[in-house]
1. If I fit a long axis through the Cα atoms of helix 172-189 and take the longest principal axis of the Cα atoms of the chain, what angle between them do I get, 0 to 90°, rounded to 10?
2. List the residues whose amide H sits under 5 Å from the amide H of Arg208, counting only those 5 or more places along or on another chain, with H placed 1.01 Å from N in the peptide plane.
3. For Cys70, Cys79, what ranking results if the residue with the fewest other Cβ atoms within 10 Å of its Cβ goes first?
4. Please enumerate, by chain and number, the lysines with C-alpha under 22 Å from the C-alpha of Lys45, excluding those fewer than 8 residues away in the same chain.
5. All other residues with a Cβ under 15 Å from the Cβ of Ile65 taken together, and with Lys, Arg as +1 and Asp, Glu as -1, what is their net charge?
6. Please state, to two decimals, what the Cα-based radius of gyration of segment 1-48 comes to when divided by 2.2 N^0.38 Å (N = residues).
7. Do you know the relative contact order of segment 3-219, to the nearest whole percent, from alpha carbon pairs under 8 angstrom that are 6+ apart?
8. Step through the residues of segment 100-111 one at a time and calculate ³J(HN,Hα) from phi using the Karplus curve (6.51 cos²θ - 1.76 cosθ + 1.60, θ = phi - 60°), rounding each to whole Hz and writing x for Gly and Pro.
Amino acid sequence: MDIKVESLTKNYKKEKLDIEVLKDISFTIASGQKIIFNGPSGAGKSTLIHILGLMERPTSGKVYIGNIDCFIGDDKYLCDMRKKNIGFIFQFHYLMPDFTVLENILLPVWSEKNIKFKQAQDILTKVGLLHRQDHFPNMLSGGEQQRVAFARAFINNPKIIFADEPTGNLDKDTGLIIESLLFESSLQTGVTIVLVTHDEKLNSKADRVIKIVNGEICTI
């Protein structure tokens, strides 16, 4: 699914200050591309993908996903767009502690959980955790929890995956597993990948690297 961004800005109010986080950003991402956003901490990368993922509204500018002007709709409309088209993987897994691994994966599609049950098991098999499906998050290692979060992101067959430093809290070996799963999934399904990372070693795996400094695009 294509993404087109036009003159995007984002400001935050802090006390009496108006802090400009994103400054007149424009770019396009073609369907199926693997894009990396990098740059220093505080550059606005996470804010940007939260807006692209329809979790936060911009101050001004437009985001088109599949030629749809997303922010003309209300919050329910944005929620429906996310559910149908988008998966998220965060730096922290955000698993629900009172739900099993399988239930956590099914949360985004809970109203269809009976239909999606086999698919959830198939994804768990792919990430090597089918034997953990009835376990709770506190029974898993950090790397296993992040693999569950990876599986949850794919349960709604997304057209776009946003990943915000998904390996930032993992050891090197576990991080490599998550990275491999992410890029393999793009090749297998054609899903568009938008990844925020500080790891420049991943740049060679991307179709394009977009560097952001002080809320502006420096290279594209």
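1. 80
2. Under 5 Å from the amide H of Arg208: Lys34, Ile36.
3. Values: Cys70 21, Cys79 13.
Going from sparsest to densest Cβ surroundings: Cys79, Cys70.
4. The qualifying lysines are Lys4, Lys10, Lys13, Lys14, Lys23, Lys34, Lys62, Lys159, Lys201, Lys205, Lys211.
5. After counting each charged neighbour, the total is +2.
6. On the way: Rg = 13.0 Å, N = 48, 2.2 N^0.38 = 9.6 Å.
In units of the globular-protein estimate, segment 1-48 measures up at 1.36.
7. 31
8. Karplus-based 3J(HN,Hα) across segment 100-111 equals 6, 4, 4, 5, 4, 5, 7, 3, x, 10, 4, 5 Hz.
Read-outs: derived from the displayed coordinates by stated rules, not from any lab. Everything quoted here is computed from the prediction, not taken from an experiment. Using ideal geometry, Cβ is built from the backbone for each residue, glycine included, and neighbour counts are taken over all protein chains shown.
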